[in-house]
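Participant: Right, I'll just put the structure down here and ask away after.
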Amino acid sequence: MQYKYAINNTSTFSKEDLLNIEALFSDSSESMHKARNEIKIITIDTTPYVVKAFKVPHIINRFAYTFLRGSKAKRSYENSLILKEFAPQPIAYIEFFKNSLLHTSYFISEYYAYDFTMKYPLIDPNFEDRENILSAFADFTFELHQHNIFHIDYSPGNILVKKEQERYNFKIVDVNRMRFCSLSIQQRAQNLSKLTEKITDLKIIAQAYKQHLSMEQNFYNLLLSFVKINHKKKHYKKFLKNLFRNT
């Protein structure tokens with residue numbers, strides 16, 4: 001089977017292990033997440049790694065990922081190199097081809113021992129120290145934006161949180177869809193708008209974020225306007241889905 005790959009030159013991960021990644025992944029029982037794609041932990045010589053296996057694309061995307069643009073695994077790897085300390089360190093990626101078209105692909109990154117994702121302080125009003133977490137998260141997001149980073153899938157489950165010496169540190173995952181560009185105030189608010197619809201949490205995040213801005217415009221109102229747009233879109237999609245289901 002044909003393949004393409006890259007290994008981070010700062011890593012000790014071997015080409016032999018990379019070519020054997022399908023077997024290593026299959027043998028691992030440490031599944032972290034399984035939906036369209038699956039994420040597992042594999043251990044090589046006592047070193048744990050996180051491996052994301054992307055499902056076989058449908059035929060149109062197999063063609064596109066082979067000839068027109070990089071696979072999700074390749075983009076995850078290359079974007080992580082750009083993100084540096086904002087994401088777990090990328091280790092490698094590999095693409096396997098069948099009948100000259102992309103078949104399976106894998107992205108390997110360092111194992112980051114996080115404590116929780118942003119999902120939990122956002123859904124649990126009694127989560128310990130949640131206001132400080134939300135404020136620290138706003139500071140982290142501002143730093144992302146200042147580095148011209150727009151995470152298209154910026155959802156609570158894609159933001160890892162680790163508390164170290166009374167400080168909250170954050171890293172982003174699921175990074176195959178990114179934009180790297182200078183961000184307007186509108187784009188910054190839009191990027192934050194899919195995290196939650198809770199008014200109190202939005203106010204905390206907006207207030208902490210705005211402290212870094214020199215602007216007269218009410219950042220909270222701007223953020224809220226995008227939240228309302230997202231809410232309408234979500235309900236419209238649900239309406240259409242139910243409509244076609246009943247026809």
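The values are calculated or read from the model by the stated rules, or taken from the named source; none is laboratory data. Computed from a predicted structure; not experimentally measured. In this analysis, Cβ positions are derived from the backbone assuming ideal geometry, glycine residues included, and neighbour counts consider all displayed protein chains.
Participant: Please go through segment 171-189 and pick out each residue that is among the small types (G, A, S) and either outside the structural domain of F150 (by TED's automatic domain parsing) or touching a helix residue (DSSP H, G or I) at 6+ places or on another chain (Cβ under 6 Å) (or both). Give the steps one after another, and end with the answer.
Facilitator: Of segment 171-189, the ones among the small types (G, A, S) are 182, 184, 189.
Matches in segment 171-189: A189 only.
Participant: Go through segment 46-83 and report how many residues are over 14 Å from the mean Cα position of the chain (by Cα) and of a type in the set (K, R).
Facilitator: 4
Participant: What number goes with the only condition from (1) in contact with a Cys (Cβ under 6 Å, 6 or more places away or on another chain); (2) under 16 Å from I205 (Cβ atoms) that I123 does not pass?
Facilitator: (1)
Participant: Given the structure, is T117 surrounded by fewer than 21 Cβ atoms within 10 Å (Cβ to Cβ), under 28 Å from Y5 (Cα atoms) and β-branched (V, I, T)?
Facilitator: Details: surrounded by fewer than 21 Cβ atoms within 10 Å (Cβ to Cβ): yes; under 28 Å from Y5 (Cα atoms): no; β-branched (V, I, T): yes.
So T117 does not fit the description; no.
Participant: Here's something else I'd like to know. Any idea which of (1) in a helix (DSSP H, G or I); (2) within 20 Å of the chain's Cα centre (by Cα) is the one I108 doesn't satisfy?
Facilitator: It is condition (1) that I108 fails.
Participant: Just give me the residues in segment 60-83 being in contact (Cβ under 8 Å) with a residue 40 or more places away in the chain and exposed (fewer than 15 other Cβ atoms within 10 Å of the Cβ), in sequence order.
Facilitator: Of everything in segment 60-83, just one residue is in contact (Cβ under 8 Å) with a residue 40 or more places away in the chain and exposed (fewer than 15 other Cβ atoms within 10 Å of the Cβ), namely L81.
Participant: Looking at (1) surrounded by 13 or more Cβ atoms within 10 Å (Cβ to Cβ); (2) farther than 15 Å from E110 by Cα, find the lone condition where M1 falls short.
Facilitator: (1) is the only condition that M1 fails.
Participant: Being in contact with a His (Cβ under 7 Å, 6 or more places away or on another chain) and surrounded by 15 or more Cβ atoms within 10 Å (Cβ to Cβ): is that true of I172 here?
Facilitator: Details: in contact with a His (Cβ under 7 Å, 6 or more places away or on another chain): yes; surrounded by 15 or more Cβ atoms within 10 Å (Cβ to Cβ): yes.
Criteria met by I172.
Participant: Now, a different point. Please return the ranges of helices (runs of 4 or more DSSP H) entirely within segment 118-197 where 3 or more residues are in contact with a strand residue (DSSP E or B) (Cβ under 7 Å, 6 or more places away or on another chain). Steps first, please.
Facilitator: Working: elements: 119-123, 130-146, 185-192.
By residue number, 130-146.
Participant: Mind checking which residues of segment 22-54 are under 29 Å from S100 (Cβ atoms), surrounded by fewer than 14 Cβ atoms within 10 Å (Cβ to Cβ) and at pLDDT 95 or above?
Facilitator: A23, S26, D27
Participant: Can you go through F63, F96, F67 and tell me which one is over 23 Å from F170 (Cα atoms) and in contact with a Leu (Cβ under 7 Å, 6 or more places away or on another chain)? It would help to see each step written out before you state the result.
Facilitator: Values: F96 fails: in contact with a Leu (Cβ under 7 Å, 6 or more places away or on another chain); F67 fails: in contact with a Leu (Cβ under 7 Å, 6 or more places away or on another chain).
Checking each option against the conditions leaves just F63.
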